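Colleague: Supplied in structure tokens, the structure appears directly below.
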Amino acid sequence: MTEILFTNARLADGSLSDIGVAAGRIVSIAPAGAASDAARRTDIAGALLVPAFVEGHIHLDTSFYGDKWIAHKPCTNGFDVHERVAFQAENMAQAAPMAERARNQLELCVANGSLQMRSHVMVDGSVGLKSLETILKIREEYRDIIDIQLVAFPQSGILKSPGTPELLDEAVAMGADLVGGLDPASFDRDVQGHLDVVFGVANKHGVGVDIHLHDFGTLGAFTVEEICARTVALGMQGKVAISHAYGLGNLDLDAARRIGAKIAAAGVSIMTNAPGDHAFPPVALLRGEGVNVFAGSDNIRDSWWPYGDGDMLGRAMMIGYRSGFYTDEELSAAFDVVTAAGAKALGLEGYGIAVGAKADFVTLAAAHVPEAVVAVPKGRRVFRAGQLVAENGAMAR
Ligand SMILES: [Zn+2]
């Protein structure tokens, strides 16, 4: 029995459909107006109905969104991850409580249409497991509204921060879903030693891996190859992601294609947020080689940069803009990066607009997907398990 019938929904294929929902799942998709019994009806009025966005990379513990403005402090001598980590510790000491800031950021994401998320949470010798404890509670608080995967993220390195291997192990035992990493070469200066810990902990617990990799050029490419080799050796295809992978963005075409084919064969996903001032992974080339490319906001109003609005549709626009995507096919690819590709990277069950899928969707004031990507309409409704949770950028209370 259909509990709610969402009528006159424009689907991505252009059809106008009625979507039946029961027990939080889509139970029917039929041409608009086809007779159907339903206890309740919600008129979508021709708006575009798409699956909820996947926020594939965010930092819930370090954002200052909703808190007082904390002005960005540049590094003293060019970009330096160590110095940025130190600035972050200074800023966090004077910020509002983490739980409050995390709630602000989560609600921003949900209000914009993300109902699935992967968040990296700092686990290192300085904060120990305290940040993870806080974010685990927040995840529980919001479990009916958004699905959250947590990555135990060694922000201060692994080999350089004594005790971190044990903390990563404990973090997974506590409820973190994946093991993170950070620039094995440039930060810890020991690619094999760093990856031994990351993959060792992940393999012990049977969980996935998501590594921050900012290194450019051949150093970045070399690390990507090493991560792919370990993924295959441990049979972890489909469970490993590399976030940023800037090194893929400044290889020559042949080298990029060759490494793209290796990444695809290893079943490793690549996350990009299309950063503004330097090379980033060639999205179209990688997709052409069969690589799953997904996206996230990464930092929102934190010590690393002042940007970010939690809108993954806006992120699709940025990815398309920076990638030089103009055709409808290319714009649809940018949309795929923030939806289906994100779902694949996160291994989500029941994602999409299909019978049997979860009724987690967003309606947009747009005629079709390419228009939605370029216009980024703010007029939208967000439904979780068929229930309205946000409308026009604000949580429904
Ligand atoms: Zn990050």
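Colleague: Tell me, what is the FRET efficiency for Lys378 and Glu166 to the nearest 0.05, using R0 = 45 angstrom and their Cβ-Cβ distance as r? Can you show the working numbers first?
Modeller: Values: r = 46 Å, r/R0 = 1.02.
Computed FRET efficiency for Lys378 and Glu166: 0.45.
Colleague: Can you sort Phe53, Phe87, Phe335 by how many other beta carbons sit within 10 Å, fewest first?
Modeller: Values: Phe53 29, Phe87 17, Phe335 24.
In order of increasing Cβ crowding within 10 Å: Phe87, Phe335, Phe53.
Colleague: Kindly provide the helix-only [θ] at 222 nm of the chain, computed as the sum of -39,500 (n - 2.57) over DSSP H runs of four or more divided by all residues, to the nearest 500 deg cm²/dmol?
Modeller: Details: 12 runs with 139 residues, N = 397.
Mean residue ellipticity, 222 nm, calculated: -11000 deg cm²/dmol.
Colleague: Let me ask another. Using the alpha-carbon atoms, what tilt in degrees (0 to 90, nearest 10) does helix 130-141 show relative to the longest principal axis of the chain?
Modeller: Rounded to the nearest ten degrees, it is 10.
Colleague: Related question: Go ahead and collect, in residue order, the members of the stretch 46-72 whose backbone nitrogen is under 17 Å from a label point 7 Å along the Cα-Cβ direction of Asp13.
Modeller: Counting only backbone N, you get 48-51.
Colleague: Here's something else I'd like to know. Rg(Cα) of the chain divided by 2.2 N^0.38 Å?
Modeller: Relative to the rule-of-thumb radius for its length, the chain sits at 0.97.
Colleague: Which order, highest average first, do 347-357, 281-291 follow once you tally other Cβ atoms within 10 Å for each residue and take the mean per peptide? Can you show the working numbers first?
Modeller: Working: 347-357: 14.6, 281-291: 19.8.
For the peptides 347-357, 281-291, the packing ranking is 281-291, 347-357.
Colleague: How large is the Kirkwood hydrodynamic radius of the stretch 80-121, in angstrom, based on all distinct alpha carbon pairs? Don't jump to the answer; show the numbers that get you there.
Modeller: Numbers: mean 1/r = 0.0825 Å⁻¹.
About 12.1 Å, per the Kirkwood formula over Cα pairs.
Colleague: Taking the chain as the reference, fit the longest principal axis to its C-alpha atoms, fit the long axis of helix 191-205 to the helix C-alpha atoms, and give the angle between the two in degrees, 0 to 90, nearest 10.
Modeller: Computed tilt is about 50 degrees.
Colleague: Of Lys130/Lys160; Lys130/Lys262; Lys73/Lys262; Lys137/Lys239; Lys68/Lys160, which ones are farther than 29 Å apart at the Cα? Write down the numbers at each step before the final one.
Modeller: Details: Lys130/Lys160 20 Å; Lys130/Lys262 38 Å; Lys73/Lys262 39 Å; Lys137/Lys239 25 Å; Lys68/Lys160 32 Å.
Long pairs (Cα-Cα over 29 Å): Lys130/Lys262; Lys73/Lys262; Lys68/Lys160.
Colleague: Where the centre of each part is set by its Cα atoms, how far does the stretch 121-155 sit from the stretch 335-397, in angstrom?
Modeller: Value for the Cα centre distance between the two parts: 24 Å.
Colleague: Related question: Enter the angle in degrees (range 0 to 90, nearest 10) between the Cα long axis of helix 328-338 and the first principal axis of the Cα atoms of the chain, meaning the one along which they spread out most.
Modeller: 60
Each reported figure results from applying straightforward, stated rules to the coordinates on display, with no laboratory input. As the structure is a prediction and not an experimental result, all values here were calculated from the model. Glycine gets a Cβ as well: all are built from the backbone with ideal geometry, and neighbour counts include every protein chain shown.
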